[in-house]
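Asker: Below you'll find the structure I mean.
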Amino acid sequence: PRHMDSVLDILDALESPARGGSPGTAVALGRGLGVCSTPGCQAVLGEPPGTPERPPALTPGQWQLLTELLRHDPATPELGAVLAPDGSTVALGPLLAGIEAGLRSGGFGRPLPTLDPPADPLLAVTIAEALGTSFLLAQRGDNNVTALGPGGCWDDVENPQNYTLRGPPSPVPDPVAIGAMDGVVLGARLAKGPLSVAELLRGYYGTGNGSKAGRPPSSYRRRDFRALAGQERLEKEVAAVLGMLRTLSPSPELLRDVGTQEVAAVAHRAAREFSERYVECPAILPRCLWGARPYRGTPARLRPPLSSVFLHHTLEPARPCRTFGACARAMRDMQRFHQDTRGWDDIGYSFVVGSDGYLYEGRGWHWVGAHTKGYNTQGFGIGIVGDFTAVLPDPDTLALVRDELLPCAVHSGHVRPDFTLRGHRQLGHTDCPGTALFQEIQSWPGFQ
């Protein structure tokens, strides 16, 4: 299966000292198979070695999977991605490029070159070149060309084999953005001292398809990436990498006749839009990932921006869900109850918040929900998994809603800047969202 666990099994085999492996074995193989095939990445990490043969430590099946995942083809970026235990889809190319840059800056392998103009090698090989070239292409194309996204769906999250993007691919679809952020976070860690790559990834992603009880570090990637590369830093690095590309011989066609001011404008726009989408806003796992049934009937469209947000707790399940597997099961259970017992067309909430760091798409931004009787056309219904009568969600989950979801809903134009936040109990005969949570939200922006 194209799951991170399969990649970890391959890395374990490659890095085993008993079989002659080391932390650099996987990185060298990745370069030979096509990771880092762009001009900027090769200017930083060097020309790739020759095409490798299958190492004795890998079975033919493992070698075939690794070859398929790492052979870079811009036309089919979905082929280079795997499903991680936290429910995110990660492109291995930028992840491994970041790991190599981190290992080399930490003293493992050849030293990295000094770049001119000065640029951070780690950001250059993971996200800066991809962002700069993507936004240059979008600027030069027609108005329908997108520079970021889309996301996609797996055929089966228990046994993922095929990933399909939900729209025309940009050079930075969601898995590439996520793989690049993970490459920056893990490369920065390796720069402090080499580790086994398998050990590093296992600690970061966790193991098993959402089977463990705790929240893995990978679910904090947006926070951790922001600490390393905020919007201003990212803008500076995108401009630096485009400047570096201009000095290459032959200079990429894309940069011909592009002046300094245009480079600065592209870098500014790229950093702003990337930060808004992948850093400031929370990740939303689409219906296809949690295994939603189809909507029954014909959904009614919302007319954004809406004036209200209504907060709920799910009550059942009563315990917060802390893993992708547990939250996806909770979503399926709620949808079954809402459709089969309540007789509704679909799960009632617009979005549901897990304590695993993710939002789960219910009716979403575009369709009228069934969450707050009499008010469904006026606002979005946000449910937090758990019973918050006597206790609060953990601080990270509260911050996800208060500091990320609500501002993002305003910035993206779904909710009016002067929106009103209310607890469900203010609009119906119910104790929802629980006394503890209701008292908490009274101090939040927009509460009325």
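Asker: What is the percent carbon and sulfur in the accessible area of segment 288-442, measuring with a 1.4 Å probe over the protein chains and ignoring ligands?
Answerer: Details: 3330 of 6720 Å².
Heavy-atom surface of segment 288-442 belonging to carbon and sulfur, 1.4 Å probe: 49 percent.
Asker: Is the shape of segment 288-442 best called rounded, prolate or oblate, per the rule: a/c under 1.5 gives rounded, else a/b larger than b/c gives prolate, else oblate, with a ≥ b ≥ c the square roots of the Cα gyration tensor eigenvalues?
Answerer: Cα axes put segment 288-442 in the rounded bin.
Asker: Rounded, prolate or oblate: which one fits segment 245-321, using the alpha carbon gyration tensor with axes a ≥ b ≥ c (rounded when a/c is under 1.5, else prolate when a/b beats b/c, else oblate)?
Answerer: On the way: a/c = 2.76, a/b = 2.64, b/c = 1.04.
Prolate shape, in that a/c is at least 1.5 and a/b is the bigger ratio.
Asker: Using a 1.4 angstrom probe and counting only protein chains, how large is the accessible area of ARG256 in Å², to 10?
Answerer: Its accessible surface works out to 120 Å², give or take rounding.
Asker: Hey, another quick one. If you build the Cα gyration tensor of the chain and take the root of 5 times each eigenvalue, what three semi-axes come out, in whole angstrom, biggest first? Intermediate values should be presented prior to the final figure.
Answerer: Numbers: eigenvalues 319, 130, 72 Å².
Semi-axes (√(5λ), whole Å): 40, 26, 19.
Asker: Another question, if that's okay. Report, to the nearest 10°, how far helix 129-140 tilts away from the longest principal axis of the Cα atoms in the chain, using its own Cα long axis and a range of 0 to 90°.
Answerer: 70
Asker: Hey, another quick one. Read phi for every residue in segment 285-300 and hand back ³J(HN,Hα) as whole Hz from Karplus 6.51 cos²θ - 1.76 cosθ + 1.60, θ = phi - 60°, with x for Gly and Pro.
Answerer: These are the phi-based 3J(HN,Hα) values: 7, x, 4, 4, 7, 8, x, 5, 6, x, 5, 9, x, 10, x, 9 Hz.
Asker: Give me the angle, in degrees from 0 to 90, between the Cα long axis of helix 92-105 and the longest principal axis of the Cα atoms of the chain, rounded to the nearest 10.
Answerer: 60
Asker: Between ARG110 and GLU68, with labels modelled 7 Å along Cα→Cβ, what's the label distance in nm to one decimal, could you check?
Answerer: My value for the distance between the label points is 3.2 nm.
Asker: Report, to the nearest 10°, how far helix 23-33 tilts away from the longest principal axis of the Cα atoms in the chain, using its own Cα long axis and a range of 0 to 90°.
Answerer: Value to nearest ten degrees: 80.
Asker: Let me ask something additional. How much accessible area per residue does segment 288-442 have, counting only protein heavy atoms and a probe of 1.4 Å, in square angstrom? Don't jump to the answer; show the numbers that get you there.
Answerer: Numbers: 6720 Å² over 155 residues.
Roughly 43 Å² per residue, with all protein chains present.
Asker: Measuring from label point to label point, each 7 Å out along Cα→Cβ, what is the ARG54 to HIS411 span in nm?
Answerer: The two pseudo-label positions are separated by 4.7 nm.
Asker: Can you list the residues, at least 5 places off or on another chain, whose amide H is less than 5 Å from the amide H of GLN378, using H built in the peptide plane?
Answerer: Those qualifying (amide H under 5 Å, at least 5 residues apart or on another chain) number zero.
Asker: Another question, if that's okay. Compute the separation of the alpha-carbon centres of segment 80-125 and segment 254-333 and state it in Å as a whole number.
Answerer: 26
Asker: Using a simple spin-label model with points 7 Å from Cα along the Cα→Cβ vector, what separation in nm is obtained for LEU248 and ARG19?
Answerer: Placing both labels 7 Å beyond Cα along the Cβ direction yields 3.3 nm.
Asker: If I measure Cβ to Cβ between cysteines in the chain, which ones have no partner under 4.7 Å?
Answerer: Isolated Cys, the chain: CYS432.
The values are calculated or read from the model by the stated rules, or taken from the named source; none is laboratory data. These figures come from a predicted structure and were not determined experimentally. As a convention, Cβ positions derive from the backbone with ideal geometry for all residues, glycine included, and neighbour counts pool all protein chains shown. For accessibility, only protein heavy atoms count, side chains too; no ligands or nucleic acids. Shrake-Rupley method; radii C 1.70, N 1.55, O 1.52, S 1.80 Å.
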